[in-house]
Amino acid sequence: NASSASVTIFVSPQPVEATDDAFWDQFWADTATSVQDVFALVPAAEIRAVREESPSNLATLCYKAVEKLVQGAESGCHTEKERQIILNCCRLLTRILPYIFEDPDWRGFFWSTVPGAGRGGGDEDNENARPLAESLLLAVADLLFCPDFTVQSHRRSTVDTAEDIHSIDSCEYIWEAGVGFAHSPQLNYVHDLNRTELLKLLLTCFSEAMYLPPSSDSSNANPWVQFFCSTENRHALPLFTSLLNIVCAYDPVGYGIPYNHLLFSDYREPLVEEAAQVLIVTLDYDSSTTSSPTVDGTTTGTAMDDVDPPGPDNLFVNYLSRIHREEDFQFILKGVARLLSNPLVQTYLPNSAKKIQFHQELLVLFWKLCDFNKKFLFFVLKSSDVLDILVPILYFLNDARADQSRVGLMHIGVFILLLLSGERNFGVRLNKPYSVRVPMDIPVFTGTHADLLIIVFHKIITSGHQRLQPLFDCLLTIVVNVSPYLKSLSMVAANKLLHLLEAFSTTWFLFSAVQNHHLVFFLLEVFNNIIQYQFDGNSNLVYAVIRKRNVFHQLANLPTDLQSIQKGLQRKKKTPEPISRANSQDGVSMEGSRPAAPAEPGTLKTSLVATPGIDKLTEKSQVSEDGTMRSLEPESSQPPPEGNPPSAVSDGEPWSGEASHPRRDRRRLSSASSSGQWTPTPDWVMSWKSKLPLQTIMRLLQVLVPQVEKICIDK
């Protein structure tokens, strides 16, 4: 059985002939191996040992396993025994592939052809022999639409008249009703399990990119994904549709029976999770590099002839960008919103509803849908369901703000909101009263979705971890984008905005990094927009501005001489005044909420690939027909340097203001000293102080302060 075979291959450094079927068949003939068994029987150390000591045996094992999958795909695996062999080979390859990817000497192995081997051993060198990787991917694609193995057979038949796997039209076998397919096949948990195993193998193949050193050249596409999503894969369309529909049609709550998920195994959830992962990996496509290089390296097509460029070569991206029917958009949006809201569903019986764990994948999928299909983005913005996407995103942002291992989740959530905020419709929708009480550790308030957004953003800025600082620009840009449409802010939200202005306009913060003053500009723009466009309903904000009028006067009188600048910075060194929440009047948190927890000890401190400048993101998001999206002035595109956030470092660790500036910044700054350490100068302060947009607010204070004082005196 497999265990004895694994011992033999790992003990014997002698090469075993590829033709010795009796030996190789031991690996997959065993009837009852589960994935767990395979991982237990084939330990990492032994795979590495074989790779070093008898590489030809490892190569033959991979080759024979792929050959078995190809044979199964050819024959349509009609017997139970054949299906078991397929699953065993599938598990074995899923186990071994990562150890081939991690070794640079083996990198090309799957992309080489195996001359003569297994083709009867003859030496008729087959010119058009496929690389092993291609054979493997095509076999997996075929097996994903194999009647009675992964899909319901349409013929009630005996084995001899079974469907020929090559004559079937896999578009009739799409796994779930939804986009482009109306018929919902009956659930079959064995098919779900088999699909999940094959998708796991597919993901493992795609994962080779994780083992490569990061390259500065962003154009090297993943060859596995490239081939799988090309016209070579005849199942590309039905498979894309199956994956999308299986994700969007999934309802984890099932029939609403409490504790249902504890009584019945849900075979769908693991499948849905794998499907979501395979989808976002196959959709990893840079639309900015659509012109494909020709053989001699020049790119085909010039800027002149892009009248109607052909769709991307990646068929999954191509199909995604071409979805256009309203009912398909409705199905996708409802499905994604249902799944994103699932972790927020509160039930009276603890643990009675099933909670899904793959919300991060769903957010990436939603981002890709909006990015590759502008019609979908407009549909979302038009629809009242956009708030069903907003609330879960705010929930996840608030929940992950203290956990450094979830910084990627923070980024994708903020980028989605930035994309949506460029549209007038989104700002208008935010005025809807917020009544759904999702337990979040934020102050209780009565107000609209706009209040919720501002309160959560305030919480992220004042009590998130330091690595979120590059996102402050994005968070405030979102508030600027929606501010002209906010009819009436609550007192809680108005106080939060003024508290941020207070914190960001202290001299030590303004002088401690080259772009900190941008945050003040953003906030002033928010106040100006609300005063100019929505004055009537916003008495709370106007009152808060009057109460904190000294902040605006201090900004207008900001000292610009060298002595004051140094004094401002000195004050910071003595006491790094953190944004304390003491003066931000945080009320009682909502019932049932848990405070945001920091990363579990020992979790990966992920390092993100450098976040693109905000101009890169907003540039792509200028999508509106009437051009309402504001583009940021390019100078604010650099994310603030790490290492000097204004946020409250709640556990008392002081943070130094010695900003480590990105190198490209230093060249540009006139005030950079020769040592390369940036220092603020009077000229630099003057250059932006003179542009502070304070006129509107000063005029408002001039008119209203005397009136309010008179009301107070008159009681």
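The values are calculated or read from the model by the stated rules, or taken from the named source; none is laboratory data. The model shown is predicted, which means the values in this text are computed figures rather than measured ones. With ideal geometry, Cβ positions are generated from the backbone for all residues, glycine too; neighbour counts draw on all protein chains shown. Note: accessible area is taken over every heavy atom of the protein model, side chains too, but ligands, DNA and RNA are not part of it. Shrake-Rupley method; radii C 1.70, N 1.55, O 1.52, S 1.80 Å.
Please turn the phi angles of segment 690-700 into ³J(HN,Hα) values with the Karplus equation 6.51 cos²θ - 1.76 cosθ + 1.60 (θ = phi - 60°), one per residue in order, whole Hz, x for glycine and proline.
3J(HN,Hα) across segment 690-700, in whole Hz: 5, 9, 4, x, 9, 4, 4, 5, 4, 5, 4.
In whole Hz and in residue order, list the ³J(HN,Hα) couplings for segment 196-206 that follow from phi through the Karplus curve 6.51 cos²θ - 1.76 cosθ + 1.60, θ = phi - 60°; x for Gly and Pro.
My calculation for segment 196-206 gives 4, 4, 5, 5, 4, 5, 4, 4, 4, 4, 5 Hz in order.
Through the Karplus equation 6.51 cos²θ - 1.76 cosθ + 1.60, θ set to phi - 60°, convert the phi angles of segment 57-66 into ³J(HN,Hα) values in whole Hz; use x for Gly and Pro.
Once rounded to whole Hz, the list reads 5, 5, 4, 5, 4, 4, 4, 5, 5, 5.
Which whole-number value in Å² is the accessible area per residue of segment 322-430, probe 1.4 Å? Before the final figure, lay out each step's value.
Details: 3700 Å² over 109 residues.
Using a 1.4 Å probe on heavy atoms only, each residue of segment 322-430 averages 34 Å².
Quick one: of 334/355; 432/496; 432/548, which pairs are farther than 23 Å apart, Cα to Cα?
Over 23 Å apart, Cα to Cα: 432/548.
Local charge sum around residue 532 (other residues, Cβ-Cβ under 12 Å, Lys/Arg +1, Asp/Glu -1)?
Details: positive: 699; negative: 525, 536.
The answer is -1.
Under 5 Å between amide H atoms, partner at least 5 residues away or on a different chain: which partners does residue 151 have, H built in plane at 1.01 Å?
Placed amide hydrogens put 146 under 5 Å from residue 151.
Sum up the charges of everything whose Cβ sits under 10 Å from the Cβ of residue 94, counting Lys and Arg as +1 and Asp and Glu as -1, but leave residue 94 out.
Values: positive: 91, 95, 200; negative: 197.
Within the 10 Å Cβ shell, the charges total +2.
Report, by chain and number, residues whose modeled amide H sits under 5 Å from the one on residue 448, excluding near sequence neighbours (fewer than 5 apart, same chain).
434, 490
Around residue 447, with a cut-off of 14 angstrom between Cβ atoms, what is the net charge of the other residues, counting Lys and Arg +1 and Asp and Glu -1? Present the calculation step by step, with values, prior to reporting the outcome.
Numbers: positive: 432, 437, 487, 496; negative: 451.
My count for the surroundings of residue 447 gives +3.
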